[in-house]
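In what follows, a single structure is set out as structure tokens and then discussed.
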Amino acid sequence: MNIFRENDVVLLREGVEAKIITGDDVFIPEGAEGTIVIVHGSADQPSAYEVEFFIPEKNDFALATVDVGLVCKVWLFLWC
């Protein structure tokens with residue numbers, strides 16, 4: 001399992017449901033890039049991440065609680 005910290009940029013391995021800051025629901029597709037804003041659980045064994053995504057169509061941000069196995073590190077613009 002990869003362990004990430006707040007402010008790490010990650011990619012989604014699978015699509016997830018998220019909430020736009022204003023309250024609307026949105027689907028974030030596989031491969032979307034987001035930033036970890038909260039690590040749930042202990043730093044050395046996180047249980048989930050709160051990830052923020054920018055939604056260009058709405059010019060807004062969305063938050064999703066994402067299982068640790070559904071994110072991977074961005075490596076020079078390549079898939080993980």
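The values are calculated or read from the model by the stated rules, or taken from the named source; none is laboratory data. Because the structure is a prediction, the values reported are computed rather than measured. All Cβ positions, glycine included, derive from the backbone under ideal geometry; neighbour counts span all protein chains shown. The protein model used for the area step is the full one, side chains on, heavy atoms only, and it has no ligands, DNA or RNA in it. Shrake-Rupley method; radii C 1.70, N 1.55, O 1.52, S 1.80 Å.
What the table below lists for this structure:
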quantity: Positions within the stretch 8-35 being closer than 10 Å to Ala64 by Cα and among the β-branched types (Val, Ile, Thr), in sequence order; calculated: Val16, Ile20, Val26, Ile28
quantity: Enumeration of residues in the stretch 46-79 that are more than 10 Å from the chain's Cα centre (by Cα) and in contact (Cβ under 8 Å) with a residue 24 or more places away in the chain; calculated: Pro46, Ile55, Lys58, Asp60, Phe61, Gly69, Lys73, Val74, Trp79
quantity: Candidates Asp44, Asp60 - the one that is open to solvent by 50 Å² or more (accessible area, probe 1.4 Å) and of a type in the set (Asp, Glu); calculated: Asp44
quantity: Residues within the stretch 1-19 that are open to solvent by 40 Å² or more (accessible area, probe 1.4 Å), charged (D, E, K, R) and in contact with a Ser or Thr (Cβ under 9 Å, 6 or more places away or on another chain), tallied; calculated: 1
quantity: Qualifying positions in the stretch 20-39 - open to solvent by 60 Å² or more (accessible area, probe 1.4 Å), touching a residue at least 24 places away in the same chain (Cβ under 8 Å) and farther than 14 Å from Asp8 by Cβ; calculated: Ile21, Thr22, Asp24
quantity: Verdict on Ala43 being out of contact with any strand residue (DSSP E or B) (no Cβ under 9 Å at 6 or more places or on another chain) and closer than 19 Å to Ile3 by Cα; calculated: yes
